[in-house]
1. Given the options A:Arg37, A:Arg56, A:Arg48, name the one that is at pLDDT 95 or above, farther than 30 Å from A:Ala126 by Cβ and out of contact with any helix residue (DSSP H, G or I) (no Cβ under 6 Å at 6 or more places or on another chain).
2. So A:Ala460 passes all but one of these: (1) at pLDDT 95 or above; (2) within 33 Å of the chain's Cα centre (by Cα). Which condition number does it fail?
3. Counting just the residues of the range A:386-430 that are small (Gly, Ala, Ser) and either free of Cβ contacts under 8 Å to residues at least 40 places away in the same chain or assigned to a loop (DSSP other than H, G, I, E, B) (or both), which one comes out nearest to A:Asn767 (Cα to Cα)?
4. Pairs needed: first member in the range A:127-141, in the same structural domain as A:Met75 (by TED's automatic domain parsing) and surrounded by fewer than 17 Cβ atoms within 10 Å (Cβ to Cβ); second member anywhere, in a strand (DSSP E or B) and at pLDDT 95 or above; C-beta distance under 7 Å; at least 6 residues apart or different chains.
5. Which residue, of A:Glu250, A:Glu274, is of a type in the set (Asp, Glu), in contact with a strand residue (DSSP E or B) (Cβ under 9 Å, 6 or more places away or on another chain) and either touching a residue at least 40 places away in the same chain (Cβ under 8 Å) or away from chain B (no Cβ under 14 Å) (or both)?
6. Restrict the check to the range B:33-47 and report whether at least one residue is within 20 Å of B:Asp10 (Cβ to Cβ), under 15 Å from the mean Cα position of the chain (by Cα) and of a type in the set (A, V, I, L, M, F, W, C).
7. Residues that are touching a residue at least 12 places away in the same chain (Cβ under 8 Å), farther than 30 Å from A:Pro406 by Cα and in contact with a helix residue (DSSP H, G or I) (Cβ under 7 Å, 6 or more places away or on another chain): does the range A:314-325 have at least one?
8. Filter the range A:458-502 down to the residues that are hydrophobic (A, V, I, L, M, F, W, C), outside any loop (DSSP other than H, G, I, E, B) and more than 21 Å from A:Val540 (Cβ to Cβ) and list them by number.
Amino acid sequence: MKKTIDKPNGLSELDRPNSYIGKTVPRPNIERLMQGRGSYVSDMVLPRMAHVVYLRSPHAHAKIAGLDADAARKMPGVIAVVTGRELAAVITPWVGVLSHLKGLKSAPQHALAIDHVCWQGEAVAAIVATSRAAAEDAAEAVVVDYEELDAVTDMRTALDPPTPVIHASLGDNLAFERKLDAGEVDKAFAESDEVVEADFVFGRHTGVTLEPRAVLADWNAAEARLTIYQGTQAPHMVMNIAALHLGLQESQVRVVCKDVGGSFGIKVHIYADEMATYALAKLLRRPIKFVADRFESFNTDIHARDHLCKGRIGIKRDGTITAFEIDDLTGIGPYSMYPRTSAIEANQIVNLIGGPYLAKNYRARARVVFQNKNVMCQYRGVGHPVACSITEGLVDLAAMKIKMDPVEIRRRNLIPDDGYPCASPSGLRFELLSHHASLDKLLKMMDYDALRAEQAALRAKNIHRGIGLASFIEVTNPSAAFYGVGGARISSQDGVAVRLDATGSVICQTSITEQGQGSESLTAQIVGSVLGISMERVRVILGDTDNTPYGGGTWASRGAGIGGEAALQAAKALRRNILDVAAAILQSSASALDIVDNAVVNADDGTPRIPLHELARIVYFRPDTLPPGIQPELMATRHFVPREYPFAFTNGIQASWLEVDTDTGFIKLLKHWVVEDCGTIINPQLVDEQIRGGVVQGLGAALFEKCIYDERGQLTNANMADYLVPMSGEMPDIDVGHVVSPTFESELGAKGAGEAGTAGAAAAVSNAVNDALKPFGVTITEIPLTPQVVLTALGRV
Amino acid sequence: MTTPVPLSLDVNGERVDAHVLPRLNLADFLREHLQLTGTHVGCEQGVCGACTVRLNGDIVRACLVLAVQTEGASVVTIEGLSDSGEIADLQAAFRDRNALQCGFCTPGMLMAAQDLLQHSPAPDRDAIREHLSGNYCRCTGYQAIIDAVETTAQARAEPRS
């Protein structure tokens, strides 16, 4: 191991006197967002820009027998009405599969449907006009002749012989299946004192980014170059795919990502309507803007987490968990999403079940089926909330069965903190986790014993409060093992270029992106710390494929751990270069010099020697005064990708304290606690706020959020009034604590923190509800926990 | 209904004269005609609060107001509220508390928070949560926002020295 941890908080040489690492500092980009002076794609206007509106199928499954756009083409302001067949001449279809997900299949998907629509909301024609309103008017005049087909909506019957096959060429509706059998599961169950089973139900929900997806694509026919302005998490991925399907070289495509109004995994994919917008710009030789409205967002932004899962756990009377078994079923809509595929979520669930625990016997089956609903794919936490809810639900049911406290069963089964490195039955490799330290810290923060006493006292007054715990593991810092090995051209490495400019300020270009997590801030904090330069003198440029190194972007909690390490190494390289120049100017040696507070100083006594702006002045304007043979390099670039571990796992635990009104079924969240371990913390406030935001997304799934489809595949609540999301009135205060176990894969030691909150929130709430309902002998293993679900379980409706 | 009609109003202290279609809502008028893009559009049905602006002293959902309804009115957007310095302390509290991530809800959130602080000098956390319960934020989980508004309320309540 190349790093020595010499400070109790896990910091090493970064812990310099003027370090920003581990300190709360305001984000550099926050002022413009607060003043309404951000630049979101939906704000952008270009010369000759036209607006596109997509006409979308009202049916879940239908043949397109005819499409008449003559009347629409004559409407005021209309520039073009383009059909699927016309657009297919400009952009090729795609198939969302990856080779490491063996057996995964999907059908070719076109930017616009050609003669077969597979979900309500699939685009069938593009109406381009001088304004969005004019395009919407004209869309109403397009007449489509649909022949409605039977819709496959129930995932439980999707594989039954009488059920229609959505894509005849695929033979059946099975997209992917994975089986896993580790240890001796049957023997373990046979030797258990109790075996507990439950059917877990998860509501299909979606990300609801406040800014809908938006694209502005500008084809410059004279330059033969396409510029795509898009709120995306992965600009280089968009560049690669747009070029591939438009028949362009990557160098002919530039992707610019300015401010992004929320992403959460929703904006890490490539959607058919975005592909159509790129193609329309090329076809019509002008800038085309597409901004989804909220109805379109609900019908086309990826959905996630629609799972039915049978779970089993074996337990001995002494509390030892012997085995886990799951049989998971999920419906992903009619296509596997491109390019990350829609099998990752189920695959992840198989990987993660039982992850925090010692039990080595584990069997799993996951089936992923096609259906005529909107596509499902990776949304914040990918698989984690489902796996955590199943695992933690089973653990609590087992504890209940043997009458053991939920804390005690976890103490006896969580992997010991000195048990690393180790691997899970599904093959996940853990470098260093801290389940027990996290549990201990959580219990102190929440004063567990006092809460139990309060709970007992209130039960006597017919007030039903519950405590729920949820331990979790979190996949962060993904290497090429996530996508690259399966053939996806999605970078797992990131790069950072750092340059000292002529006034002693620093320009830093990074391939990670910013959607509000604080990528810009953490980059500036790292670069400023390493260089000894004030943060306000560090300007960070990101989100532009023409102007940043090639890299993955910001998703799967990789920005700080991967992009942050690249920033660290680039800054170290630049620092060496600066000190070499300083040594030449000062007739000293680089090792005798340091940089502190924007000036080169003596390393031993801190005496200022030359300010950086003076050094830069000499380098840029009077290089003639430097000693012969000195060629300063005041710019350095470094890249980083983890190589030893496929993923840097983090861990943590959450607790929920809530009250169930057994008359109305309403659940009031009273308090929520989280302890998580993301390794080195660069900015504590940013990490805590990632956790809190993630928790609240998980709480939405636990209590409110569900895309409700009817039996014909119609989404019945595709608006923000009917699809409920957490608002400030219902959310509790959330206390966040940390344990710090840095990864040794990088000098920085940072792991991710973006999924942790979402991973365990719903599990903690479900367990708390079941704890509250204990006197009624009722357990619920379904989310969202709506009043109807609660009252049904209580037998009151 | 497809003929533009004349419209005069005051926006952020400046007189604005325009011709607008009767169906144009105030949010689109501010964004597309005046390029005041700090007013954001999230749901276009009055649910999310991202388009909250001040109309004749009261906060409204700009997506639920037709531009023609603002004839002769005074409208203040986030740009005006920022430039006048009226919410500089509130914005500083948001910055210090990192009460925003993507920032898309923030203009509407600041509008709604300032409205509360104008009408209720010492709101407790529950009152703040209640008043902001019509403004959707997907990033923060709300706690930082509640903290920032509470801090501002307390600072404003202190006697000035």
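1. On the way: A:Arg56 fails: farther than 30 Å from A:Ala126 by Cβ; A:Arg48 fails: farther than 30 Å from A:Ala126 by Cβ.
Only one candidate qualifies: A:Arg37.
2. Here A:Ala460 meets the rest and fails (2).
3. In the first step, residues of the range A:386-430 are kept if they are small (Gly, Ala, Ser); the result is A:387, A:389, A:393, A:398-399, A:419, A:423-424, A:426-427.
From the residues that got through so far, the ones that are either free of Cβ contacts under 8 Å to residues at least 40 places away in the same chain or assigned to a loop (DSSP other than H, G, I, E, B) (or both) too are A:387, A:419, A:423-424, A:426-427.
Working: A:Ala387: 14, A:Gly419: 27, A:Ala423: 27, A:Ser424: 24, A:Ser426: 25, A:Gly427: 27 Å.
That would be A:Ala387.
4. A:Thr130/A:Ala50; A:Thr130/A:Ile79; A:Ser131/A:His51; A:Glu136/A:Val53
5. Working: A:Glu250 fails: in contact with a strand residue (DSSP E or B) (Cβ under 9 Å, 6 or more places away or on another chain).
The unique qualifying residue is A:Glu274.
6. Within the range B:33-47, the first condition is being within 20 Å of B:Asp10 (Cβ to Cβ), and the residues that meet it are B:33-39.
Next, from what is left, pick out any that are under 15 Å from the mean Cα position of the chain (by Cα): B:36-39.
Filter once more, keeping what is of a type in the set (A, V, I, L, M, F, W, C): B:36.
Yes, the range B:33-47 contains a residue that is within 20 Å of B:Asp10 (Cβ to Cβ), under 15 Å from the mean Cα position of the chain (by Cα) and of a type in the set (A, V, I, L, M, F, W, C).
7. Checked the range A:314-325: no residue is touching a residue at least 12 places away in the same chain (Cβ under 8 Å), farther than 30 Å from A:Pro406 by Cα and in contact with a helix residue (DSSP H, G or I) (Cβ under 7 Å, 6 or more places away or on another chain).
8. Taking the range A:458-502 as the starting set, the residues that turn out to be hydrophobic (A, V, I, L, M, F, W, C) are A:458, A:460, A:463, A:467, A:469-470, A:472-473, A:475, A:480-482, A:485, A:488, A:490, A:496-498, A:500, A:502.
This time we only want the ones that are outside any loop (DSSP other than H, G, I, E, B), so: A:458, A:467, A:469-470, A:472-473, A:475, A:485, A:496-498, A:500.
Across the range A:458-502, the qualifying residues are A:Leu458, A:Ile467, A:Leu469, A:Ala470, A:Phe472, A:Ile473, A:Val475, A:Val485.
The values are calculated or read from the model by the stated rules, or taken from the named source; none is laboratory data. Since we're looking at a predicted model, the values are computed, not measured. Every residue, glycine as well, gets a Cβ built from its backbone with ideal geometry; the counts of neighbours run over all protein chains shown.
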